[in-house]
Amino acid sequence: MMSRLRVAAGSIFPPGWWGFTLRIWAALVLALLVAFWAQIDSPASAAVTVMLLAQPLRGQALSKAFYRVVGTLVGGVVALCLVSMFGQERQLLLGGCAVWMAICAYAGTLRRGFRAYGAVLSGYVVALIAISHIDAPQNAFDVTVARVSTVMIGVAAIATVALLSGTPHVWQRLVRSLQKTAAEVRHETRLALDDTVPTLSPLETIALSSTVFALTHQVHDTRTELTRGRLRAKGAQVCLIGMVTALSCCRSLLALMRQATIAPAVLALTRFDIHAPSGTDRETILADLLGRLPPEAPRLTLADAWRLERTASLIASRHISRKGLNTLLKAAPLGQVKTMSRFAFHPDRIAALVNAIRVLLCFSAAAALFIGSGLPNAATALSQCAMLLCLGITQPNSAAFGRGILIGTPLGILTAGLTSFFILPHVNTMMGMAIVMLFQVMFSCLLIINPATAAAGSHYGAFFFVFLGLNNHHDYNLLAFVDRNTFYLCAAGITAFFLILFLPPRPRRTRFRITLSIARELERQFAARSPSFTPALLSRKYDRLHQLYMLSQTISQEKKGKAAWRVCQRFISLADLTTALARLELDLKTARRYTELAPLADTMQMSLTRMKLFSLADHLPLMAEKMLSRAPASSGPAHVAAVLCAAGLEEVRFLLQQNGSALRHYGIGRRRW
């Protein structure tokens, strides 16, 4: 019984909750002290800033604070411009606010992490400044200065506490995660390079790739914690790219071992436990492996070439991962692998456009309802509605955010009422106020740190002070409290209605767009219009596969079926075909540097570009055999280039045959059928 109680308590109070609570409480008290001392018109805004920046790790808090400052400044400038142009025209002012919020929602959907927060923040700051004082545009400048001042006070408080307290670091947690994941990658590498047919599923490599790529959101936050933070963040990105590339090599090796026979000499040379070849790039490692082949070994087959090339790529990827991790730990120079840090994420422009339209239409409907009512607090409620719309619509699960609003708003109003009329009348000192706020922060942080209640907790914790109406001279008027919070409650209900019911993102729709982007990139590759094989192409591919895996997991849990995983595996293979074609084009470009290989490389490139796809799959082995026969006998650069081309041709041939039914089913590359 006692053990069950301890487990339950541990699930309610996560590790680090008490320290997180004390840090946020200290920042909140500091912000309120400064705001009251400076006689800021709205000290509650400083408290709201602190609660909105409540993050358990130092880098997260500092990074979010930075983008809050940037977003506030940009939004303040835009608000002043709109008020100066349309101060006497309500409709044009509201329309300008709606358009700017839609633009910010579009940009926020395309960005990741706290950059997205900064984008949407600059959207709703315009509403807080311009709309809240739509009847008194002459006060816009003073309101902007006051708004920026309270935000700066809150940011300074959260940054001061984060820097002076023992706030856990993002980079330390990132290093532990990278080291743990690297051990799992080595285990999968060992299985992929086993002499026997591996039992490892390709879906397991994708699951681990998804785990690796999920760490990307932590990388940017490390820059605020470390000296030479930009370089160290690049090292973390290089480490991530190296690990997911190694897992991609594992997937190719698994497929090869299931469908071909490898020469014993090549198997002995490419086992996991062999002495590591010299060099850190794929070409140098492959040259070393070729030089180790015994003279009496038979001539390389296409499967042997594929095995050697993928093994060389795997070893090079492991070198890249170690180099990146060393840079993260010691700020060591990245050298030649610096280009691997150029990340590119998949831009879901359709989702961004839909979110922009949702903000535009929902805000317009709310403006017609609130401003049309003509009631005194309608403009304030509309600005609150605009804030919640911007914050909620760009969430991956806006419906869950809407449900959090429905829970957090009445809970916050109820707690604010009890605090305002039953507790604050008996508090006469700042120390007493700090003690009252401690219990409030404890409850808020408990909700925020638990994933199941995070949406309701963030809304409750941040807007409690808005509902309370905390000011230099606190008003204990019950009618004013009810009147003000009735509008806030209406704003929350209308916003939640839009977020839950009006075009919310669905996992199936998002998965469709991801798979469509994979198909389109493959189409461009078939038409020779795709970008070359670069780290940006790789990172965009892995970002898509990470999202595809997570969406398939969600869909399979909802439907309790295996169809989602079949679709996932099919498009994983199509994405591998895209990168295999891009890598083959790069290898053929290298082969054209050598006189003995250049004519054949040109012919191969022309065939890859123009030949019918399903005829190409039959023709590729002949081209690969010719390339190997043209290779010089020595293991020089030309021989290495020939083996790389032969391996690439064999991999493309296998993936074309494996995905023939998928290409026909989805109509991919129809012009080249």
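The values are calculated or read from the model by the stated rules, or taken from the named source; none is laboratory data. Computed from a predicted structure; not experimentally measured. Cβ: placed from backbone, ideal geometry, glycine included. Neighbour counts: every protein chain shown. The area values use the complete protein model at the heavy-atom level, side chains included, leaving out ligands, DNA and RNA. Shrake-Rupley method; radii C 1.70, N 1.55, O 1.52, S 1.80 Å.
Structural remarks
- Nearest-ten-degree value, helix 114-126 long axis tilted from longest Cα axis of the chain: 30
- The order of the peptides 109-117, 645-653 by mean Cβ neighbours within 10 Å, most packed first, is 645-653, 109-117.
- Each residue of the stretch 352-363 is assigned a 3J(HN,Hα), and the resulting list reads 5, 5, 4, 5, 4, 5, 4, 4, 4, 6, 5, 5 Hz, derived from the Karplus form 6.51 cos²θ - 1.76 cosθ + 1.60 (θ = phi - 60°), x at Gly and Pro.
- Here the accessible area is traced with a 1.4 Å probe on the protein chains. For the chain, carbon and sulfur cover 62 percent of it.
- When the surface is traced with a 1.4 Å probe over the full set of protein chains, residue 252 keeps roughly 10 Å² accessible.
- Annotation for residue 203 and residue 77: the two label points, set 7 Å from Cα along the Cα-Cβ direction, are 5.1 nm apart.
- Each peptide in 476-487, 255-266 was scored by the mean count of other Cβ atoms within 10 Å over its residues; highest first, the order is 255-266, 476-487.
- Taking the inverse of the mean reciprocal distance over all distinct Cα pairs, the Kirkwood hydrodynamic radius of the stretch 467-573 comes to 18.1 Å.
- Nearest 10 degrees, 0 to 90: helix 598-610 Cα axis against the chain principal axis: 50
- Cα shape, the stretch 72-162, gyration tensor, a/c 1.5 rule: oblate
- Using the Cβ-Cβ distance between residue 329 and residue 296 with R0 set to 35 Å, the FRET efficiency works out to roughly 0.20.
- Protection-proxy order for peptides 458-471, 595-608, each taking the mean of Cβ atoms within 10 Å per residue, highest first: 458-471, 595-608
- Greater than 28 Å apart at Cα, pairs in 180/330; 180/541; 323/626: 323/626
- Proportion of all alpha-carbon pairs of the stretch 434-497 beyond 15 Å (%): 61
- 1.4 Å probe accessible area per residue over the chain, in Å²: 43
- The relative contact order of the stretch 504-625, computed from alpha carbon pairs under 8 Å that lie at least 6 residues apart in sequence, is 28 percent.
- Paramagnetic reach from residue 227 in the stretch 302-340 [backbone N under 15 Å; point 7 Å along Cα→Cβ]: 329-333
- Counting charges near residue 280 (Lys, Arg +1; Asp, Glu -1) among other residues having Cβ under 14 Å from its Cβ returns a value of +2.
- Compared with the dominant Cα axis of the chain, that is its longest principal axis, helix 563-591 is turned about 60°.
- Note on Cα Rg over 2.2 N^0.38 Å: of the candidates (1) 1.12; (2) 0.98; (3) 1.34, the value calculated from this structure sits at (1).
- The stretch 65-150, relative contact order [Cα under 8 Å, separation at least 6], %: 41
- Candidate aspartates and glutamates - alpha carbon under 13 Å from residue 234, same-chain residues fewer than 8 apart omitted: 221
- Two-site label geometry, residue 516 and residue 602: point separation in nm, points 7 Å out along Cα→Cβ: 4.1
- Expected 222 nm ellipticity per residue - DSSP helices of 4 or more, -39500 (n - 2.57), all of the chain, to 500: -25500 deg cm²/dmol
- Here's the list of aspartates and glutamates a cross-link from residue 338 could span, going by alpha-carbon distance under 19 Å and ignoring same-chain residues fewer than 8 apart: 281, 283.
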